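The values are calculated or read from the model by the stated rules, or taken from the named source; none is laboratory data. Predicted model only: the values in this text are computed from it and were never measured. Here the Cβ is made from the backbone with ideal geometry for all residues, glycine too, and neighbour counts use every protein chain on show.
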Amino acid sequence: MGRPLTEQELHNLAMNIVGRELEADGFEFMAINSKLKKNPQYVCLKEKVLHFIVVRNIEFPNDPRDYDEELMQKVKEHAEKFEARTFFAGVGLSNAVNRDLPVHLDEEYIVEYQGLIEI
């Protein structure tokens, strides 16, 4: 059995899931920040509009669509200085065998991601 993923590894996994979708949707990456607590995670350009995207790994059983309103308001205020749109991307990651167990390295996991939420 692999070891449980660290908070940073879970964050990176969530970012990879969101990043692949952004790429598939035609977003151009201007800046990427994968450090925990550094926001936004992605600054992207699509149709000449800047997008600030905050990515979070949301632990089961929490709802991946719930976000920290105070944090998102701060990011939005920052984004507005750049005429950028602000989005939240919550990714629920859970162990595929038992959702109450942590996600382990090299083991199957369930992804609950419903796309970007505009703030």
Quiz item: Within the set of pairs 6 or more residues apart or between chains, which connect a residue that is within 13 Å of Leu5 (Cβ to Cβ) and in contact (Cβ under 8 Å) with a residue 24 or more places away in the chain inside the stretch 96-117 to a residue that is assigned to a loop (DSSP other than H, G, I, E, B) and not aliphatic (A, V, I, L, M) with Cβ atoms less than 7 Å apart?
Solution: His104/Gly2; His104/Arg3; Leu105/Gly2; Leu105/Arg3; Asp106/Gly2; Glu107/Gly2
Quiz prompt | Scope the stretch 8-30; condition surrounded by 11 or more Cβ atoms within 10 Å (Cβ to Cβ) and more than 18 Å from Glu47 (Cβ to Cβ); matching residues | solution = Gln8, Glu9, Leu10, His11, Asn12, Leu13, Ala14, Met15, Asn16, Ile17, Val18, Gly19
Exercise. Go through the stretch 104-119 and give me each residue that's more than 20 Å from Leu22 (Cβ to Cβ), assigned to a loop (DSSP other than H, G, I, E, B) and either among the hydroxyl-bearing types (Ser, Thr, Tyr) or in contact with a Lys or Arg (Cβ under 7 Å, 6 or more places away or on another chain) (or both).
Key: Leu105
Quiz item: Here are some residues: Val43, Val55. Which one is touching a residue at least 40 places away in the same chain (Cβ under 8 Å), among the β-branched types (Val, Ile, Thr), surrounded by 12 or more Cβ atoms within 10 Å (Cβ to Cβ) and farther than 29 Å from Glu107 by Cα?
Solution: Val43
Quiz item: Within the stretch 18-46, which residues are at positive phi and modelled with pLDDT of 95 or more?
Solution: Gly26
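Here's the yes/no breakdown for (1) at pLDDT below 95; (2) closer than 18 Å to Leu22 by Cα:
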| site | (1), (2) |
| --- | --- |
| Arg65 | no, yes |
| Leu71 | no, no |
| Leu93 | no, no |
| Pro102 | yes, no |
Quiz item: Can you tell which of Lys35, Lys76 is basic (Lys, Arg) and part of a loop (DSSP other than H, G, I, E, B)?
Solution: Lys35
Quiz item: Mind checking whether some residue in the stretch 78-87 is free of Cβ contacts under 8 Å to residues at least 40 places away in the same chain, of a type in the set (Phe, Trp, Tyr) and either surrounded by 17 or more Cβ atoms within 10 Å (Cβ to Cβ) or touching a helix residue (DSSP H, G or I) at 6+ places or on another chain (Cβ under 6 Å) (or both)?
Solution: yes
Quiz prompt | Condition check for Gly92: in a helix (DSSP H, G or I) and either among the aromatic types (Phe, Trp, Tyr) or closer than 19 Å to Gln114 by Cα (or both) | solution = no
